[in-house]
Amino acid sequence: MPIPLIDLFAGPGGLNEGFNRVCASFGTRIFETRISVEMESSAHETLELRALYRHLQDAGELKSYYGYLRGEMTREELFSEFASLAKAARAEALQATLGQSESQNAEIEQRIRDALGRTPSGECVLIGGPPCQAYSLAGRARRTNDEHFEDDNKHYLYREYLNIVRRFRPAAFVMENVPGLL
């Protein structure tokens with residue numbers, strides 16, 4: 001049984017892709033993404049498409065996906081052709097914003113609980129990269145003259161990640177790091 005994977009601040013899913021490519025010697029995935037959370041629209045669309053790709057790959061149905069890449073069909077046609085797999089992909093890729101409000105955080109946490117289902121606490125892996133623009137060396141250098149820099153809520157989004165660690169107690173977590181985090 002694959003290890004459940006939760007991806008926060010997922011971006012387009014690069015970290016997630018790495019975990020999903022880890023397979024046992026007989027070809028089955030070691031990790032299974034249960035939910036990816038991202039706020040930005042184009043990154044979220046990529047998460048959905050990559051989730052569909054994995055579902056199609058597992059079903060041995062990649063012909064249409066490659067047709068989509070060649071421009072032979074639209075994204076909507078691809079998702080329609082594989083409606084049940086597309087539904088699973090859409091359930092996996094959640095467009096939402098952590099740290100925006102308590103109700104939004106509660107909704108995301110409920111979706112995580114639902115995605116984990118009966119998985120016992122501690123039997124999942126949490127991955128993600130809280131936005132680092134506010135504390136990375138490059139981000140701070142770009143904003144030296146920005147009078148609103150101190151008010152940027154990105155300074156504190158790492159706390160949302162840590163709250164999820166505290167609430168769900170994953171067996172392991174990987175938080176993307178950048179110089180300047182401390």
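Observations, loosely collected:
- Label-to-label distance for residue 104 and residue 167 is 1.4 nm, based on points extended 7 Å past Cα in the beta-carbon direction.
- Overall, the chain carries a charge dipole of about 580 debye about its Cα centre when +1 sits on the Cβ of Lys and Arg and -1 on the Cβ of Asp and Glu, all other atoms neutral.
- Percent carbon-and-sulfur accessible area, segment 1-88, ignoring ligands, DNA and RNA, probe 1.4 Å: 57 percent
- In the chain, Rg over Rh equals 1.00, where Rg is the alpha-carbon radius of gyration and Rh the Kirkwood radius from pairwise Cα distances.
- Overall form of segment 7-99 per C-alpha gyration tensor (a/c, 1.5; a/b vs b/c): oblate
- Within segment 1-104: Cβ-based charge dipole about Cα centre, in debye rounded to nearest 20 (Lys, Arg +1; Asp, Glu -1): 300 debye
- The calculated FRET efficiency for residue 113 paired with residue 145, based on their beta-carbon distance and R0 = 45 Å, is about 0.55.
- Of all DSSP beta bridges confined to the chain, the antiparallel ones make up roughly 5%.
The values are calculated or read from the model by the stated rules, or taken from the named source; none is laboratory data. Here the structure is a predicted model, which is why all the values come from computation and not from measurement. Cβ atoms come from the backbone with ideal geometry, glycine included; neighbour counts cover every protein chain shown. All accessible areas refer to the heavy atoms of the entire protein, side chains included, with ligands and DNA or RNA removed. Shrake-Rupley method; radii C 1.70, N 1.55, O 1.52, S 1.80 Å.
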